[in-house]
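The values are calculated or read from the model by the stated rules, or taken from the named source; none is laboratory data. Predicted, not measured: the structure shown is a model, and the values here were computed from it. FYI the Cβ positions are ideal-geometry reconstructions off the backbone, even for glycines, and counts take in every protein chain you see.
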Amino acid sequence: MNHISPVIYQFLVKRLTDFRLFPPEASKIAPQMDALFFFILLVSLVGLTAVVLLVASFSILYNRQRHPVAVQVEGSTLLEATWTIIPLGLFLMMFVWGALIYFRVYTPPPNAMNIYVVGKQWMWKVEHSGGQHEINALHVPTGRAVQLTLISEDVFHSFSIPAFRVKREVIPGRYTTVWFEATTPGTYHLFCSQYCGTNHSQMTGDVLVMTPEDYRKWLAGSTSGASLAQNGERLFASLSCAACHNARPDARGPSLANVYGSRLTLANGQFITVDEAYLRQAILNPSQHVTQGYAPIMPTYQGQISEEGVIALVEFIKHLDSDYRIQQTLNTTDLPPGSEEKAAPAGQAPATQGRVKK
Ligand code: HEC
Ligand SMILES: [Cu+2]
């Protein structure tokens, strides 16, 4: 080994000792995903071997020296049925198996803990609901379903954690979600897996999987003081949302308490279940879906709030379970002139037109 350069030698040693054909399996879905992968790989290899062997042996058995005159074979129903039905069965198996895993991957369990991820050229910004921020890092506990709500601030990205067998497009203007349950503490790679500009290859990070106790300690030690919902409450006040959403009987906008998860009737008669994506749309593009019983007077906030600001507002509205909270917010907001005399006595029933509770 003396005759190769020490740099190359070191490089080779490092590459070969760290070399893995496969990322570790660190999530609940990973072994299931791999089982399907290896099944497909096995079927492909068996198929490939059969084809190569047949081509090779036929070219020897039926070459021109042995068979100077070609014999026409008119067909065999049994043979044709066999090579149609067996592959069809195998492919249908792959399809059904794949579909089952697909539905599992894209349907987060209802009790999943939510973490927001904002992608931008060229970094990942992570927001925990406790207000912890991270850049190019994601801390998660083991044994708990974690849902990621992803959005891009600029171009298309793709969020990928190979050790979890998880990958999802990160799109500007729309929330996408993915979920996983980490099983093994450790540090894993996080990649942007879609070419997104010059420094795409640097859009990487670490996923730090911790035991629940360590995770709790990390959360406590990394808080910035205000939770996402509290930041949202501040924005709600400073953007004067409460001028209309103040839960008074004569309010111009609907009460937002408990709106998350409820079913709204829209002006066009459609029903819609309010989730994060709907709240985001309602703030940035209010004329798209107008709630029944209200005039389309809400201004758009497109371009005025960053994606992180929208996330904070969405979290605030998600956690809003009583009108009391908004009225508190209201007291800290400068009301437009003339709205004071509209103040309703405390305890007044909130405006809940057009809303059906789930
Ligand atoms: C000028 C009054 C006005 C202001 C200011 C206003 N809204 Fe609205 N908002 C409305 C009205 C009216 C509706 C119902 C009609 C519709 O859907 O557009 C509404 C609907 C919504 C909805 C959909 C939920 C539902 O029950 O219909 C959300 C979420 C929302 N607003 C959030 C906000 C936030 C956050 C702000 C501040 C950034 C804000 N609004 C500022 C008037 C307002
Ligand atoms: Cu990217």
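Which residues, counting only those in segment 167-200, are closer than 14 Å to Ala145 by Cα, buried (at least 16 other Cβ atoms within 10 Å of the Cβ) and more than 16 Å from ligand 2 (Cβ to nearest atom)?
Listed by number, the residues that qualify are Thr177, Trp179, Phe180, Glu181, Ala182, Thr183.
Check Ala242 against each of (1) in contact with a Pro (Cβ under 7 Å, 6 or more places away or on another chain); (2) assigned to a helix (DSSP H, G or I); (3) at pLDDT below 85 and name the one condition it does not meet.
All conditions are met except number (1).
For Trp97, work out the one condition from (1) surrounded by 15 or more Cβ atoms within 10 Å (Cβ to Cβ); (2) at pLDDT below 95; (3) in a helix (DSSP H, G or I) it doesn't fulfil.
In the conditions (1) surrounded by 15 or more Cβ atoms within 10 Å (Cβ to Cβ); (2) at pLDDT below 95; (3) in a helix (DSSP H, G or I), Trp97 misses (2) alone.
Which residue, of Arg252, Arg280, Arg248, is away from ligand 2 (no atom under 16 Å from the Cβ) and at pLDDT 85 or above?
Working: Arg252 fails: at pLDDT 85 or above; Arg248 fails: at pLDDT 85 or above.
Within the list Arg252, Arg280, Arg248, the selection yields Arg280.
Do you know which of the residues in segment 275-300 that are assigned to a loop (DSSP other than H, G, I, E, B) and within 24 Å of the chain's Cα centre (by Cα) is nearest to ligand 1 (Cβ to nearest atom)?
Applying the filter and picking the extreme gives Pro286.
So is Asn231 surrounded by 15 or more Cβ atoms within 10 Å (Cβ to Cβ) and touching a residue at least 60 places away in the same chain (Cβ under 8 Å) or not?
Yes.
For segment 243-258, how many residues meet the condition of being buried (at least 21 other Cβ atoms within 10 Å of the Cβ), of a type in the set (A, V, I, L, M) and near ligand 1 (Cβ under 8 Å from one of its atoms)?
1
Okay, residues lined up against (1) more than 30 Å from His189 (Cβ to Cβ); (2) exposed (fewer than 10 other Cβ atoms within 10 Å of the Cβ):
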site: Gln10; (1), (2): no, no
site: Phe19; (1), (2): no, yes
site: Leu54; (1), (2): yes, no
site: Ile85; (1), (2): yes, no
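For the condition of a type in the set (A, V, I, L, M), part of a helix (DSSP H, G or I) and outside the structural domain of Val209 (by TED's automatic domain parsing), what is the one hit in Leu90, Leu48, Leu42, Leu12?
Leu12
Consider Leu235 carefully, then state whether it is within 16 Å of ligand 1 (Cβ to nearest atom), of a type in the set (A, V, I, L, M, F, W, C), modelled with pLDDT of 85 or more and not assigned by TED's automatic domain parsing to the domain that holds Thr142.
Criteria met by Leu235.
Which one of the conditions (1) in contact with a Leu (Cβ under 7 Å, 6 or more places away or on another chain); (2) without any contact (Cβ under 8 Å) to a residue 24 or more places away in the chain; (3) not hydrophobic (A, V, I, L, M, F, W, C) does Asn246 fail to meet, given that it meets all the rest?
Asn246 satisfies all of (1) in contact with a Leu (Cβ under 7 Å, 6 or more places away or on another chain); (2) without any contact (Cβ under 8 Å) to a residue 24 or more places away in the chain; (3) not hydrophobic (A, V, I, L, M, F, W, C) except (2).
Within segment 138-157, can you find the residues that are within 16 Å of ligand 2 (Cβ to nearest atom) and either part of a strand (DSSP E or B) or of a type outside the set (A, V, I, L, M) (or both)?
Result: Leu138, Leu148, Leu150, Ile151, Ser152, Glu153, Asp154, Phe156, His157.
Looking at segment 158-180, which of the residues that are among the basic types (Lys, Arg) and either modelled with pLDDT of 95 or more or part of a strand (DSSP E or B) (or both) is farthest from Val118 (Cα to Cα)?
Here the answer is Lys167.
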